[in-house]
1. Among the listed residues VAL190, VAL218, which satisfies the condition of being in the same structural domain as HIS87 (by TED's automatic domain parsing), without any contact (Cβ under 8 Å) to a residue 40 or more places away in the chain and β-branched (Val, Ile, Thr)?
2. Name the residues in the range 125-145 that are of a type outside the set (Gly, Ala, Ser) and crowded, with 19+ Cβ neighbours inside 10 Å, would you?
3. So THR212 fits all but one of (1) of a type outside the set (Lys, Arg); (2) out of contact with any His (no Cβ under 9 Å at 6 or more places or on another chain); (3) assigned to a helix (DSSP H, G or I); (4) more than 20 Å from ALA111 (Cα to Cα); what number is the exception?
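The values are calculated or read from the model by the stated rules, or taken from the named source; none is laboratory data. Keep in mind that what you see is a predicted model, and the values were worked out from it rather than measured. Counting neighbours? That spans all protein chains shown, and the Cβs are built from the backbone with ideal geometry, glycine included.
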Amino acid sequence: MGLYDRDYGRDDQNPYQTSWDRVQKPRSMTVTLIIINVVIFLISMLFVDNGSNGGESFDILRAFGFVPMTLLEPWMWWQFLTYGFFHDLNSIWHIVFNMAMLYVFGRMVEARMGGAEFLRFYLISIIVGGFIGAITGLATNGMPATAEASEAIPTIGASGGVLALVVMFACYYPQQELFLWGIVKMKAWVLAALCVGMDLLGSLYTLSGGETSTAFTVHLAGAGFALAYHYGHWNFRWLNSTTAPDIRGRMRQRSRRMKLKLHDPDKKLRKEADEADRLLAKIHQHGEESLTSSERKLLERYSRRQREKRNQ
């Protein structure tokens with residue numbers, strides 16, 4: 001089977017353009033995210049403390065990563081997004097592995113979702129992973145003392161968002177065959193299940209008191225978010241700021257329609273005619289003396305209006 005013959009390589013609207021053509025454009029969100037991550041990684045290396053300066057150095061990872069106590073500090077919740085763009089400075093393989101996975105799976109998911117929705121999905125999966133990671137961190141370790149909180153190792157890395165993309169790819173193309181490490185051949189759904197299973201075992205180990213530097217619960221939160229997004233038929237197009245004018249326009253149109261209905265003279269005349277018919281039937285059955293003063297005035301007003309209409 002050729003590369004462009006695969007289900008994710010076709011474009012129904014333009015048979016001569018493939019998803020591979022689209023995702024390699026300069027405006028690819030996947031490539032943009034990779035560039036941002038790499039640039040931030042290089043900038044972060046400037047803040048590595050090699051012991052040359054006598055004073056305390058600025059810890060950029062602690063500034064932009066989150067710790068469990070961040071959950072109790074709403075003014076610091078922006079860290080639940082920024083942590084996903086910082087990586088371990090002691091090992092280049094952390095960012096290399098995440099960016100390789102982002103490139104492989106992100107391009108195909110972006111081609112399926114569209115660039116704007118892909119970006120919203122990726123960022124929200126990082127935020128969800130951050131909140132869940134902080135919640136499980138507090139649940140596992142309890143409320144730390146102030147000194148312990150300041151020494152807590154911050155959570156960083158794009159792994160939660162990347163695993164969300166792996167799971168989404170498996171949801172879109174479950175039977176697509178992939179090569180793990182370029183050697184082991186397996187279907188996409190098997191790879192996703194393997195990744196989730198390993199993170200699940202790691203999470204159980206962590207929750208049982210084991211110590212690890214890997215944020216397994218953040219990964220699982222990203223995977224769970226992807227499954228909810230797919231099977232819940234979610235989309236976040238309503239977060240697009242360009243739709244706000246349309247919403248305001250629709251609200252104005254609806255308001256104008258409501259005002260027209262409230263001031264509809266024909267509706268008022270129809271209601272008055274129905275009431276006059278009811279009063280005439282009442283006179284026929286019980287006589288004119290059965291009418292109240294307000295009913296007499298309404299009937300007189302209706303009769304006068306009918307005479308004026310005939311005289312026009």
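1. On the way: VAL218 fails: without any contact (Cβ under 8 Å) to a residue 40 or more places away in the chain.
Of VAL190, VAL218, the one residue that is in the same structural domain as HIS87 (by TED's automatic domain parsing), without any contact (Cβ under 8 Å) to a residue 40 or more places away in the chain and β-branched (Val, Ile, Thr) is VAL190.
2. Filtering the range 125-145 down to residues of a type outside the set (Gly, Ala, Ser) leaves 126-128, 131-132, 135-136, 138, 140-141, 143-144.
Scanning the range 125-145 gives ILE126, ILE127, VAL128, ILE132, THR136.
3. It is condition (3) that THR212 fails.
Each row is one residue, and each column tells you yes or no for (1) in contact with a Phe, Trp or Tyr (Cβ under 7 Å, 6 or more places away or on another chain); (2) assigned to a helix (DSSP H, G or I); (3) among the small types (Gly, Ala, Ser); (4) at pLDDT 90 or above.
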residue: GLY84; (1), (2), (3), (4): no, yes, yes, yes
residue: VAL104; (1), (2), (3), (4): no, yes, no, yes
residue: TYR122; (1), (2), (3), (4): no, yes, no, yes
residue: GLY130; (1), (2), (3), (4): yes, yes, yes, yes
residue: GLY133; (1), (2), (3), (4): no, yes, yes, yes
residue: ALA139; (1), (2), (3), (4): no, yes, yes, no
residue: GLY161; (1), (2), (3), (4): yes, yes, yes, yes
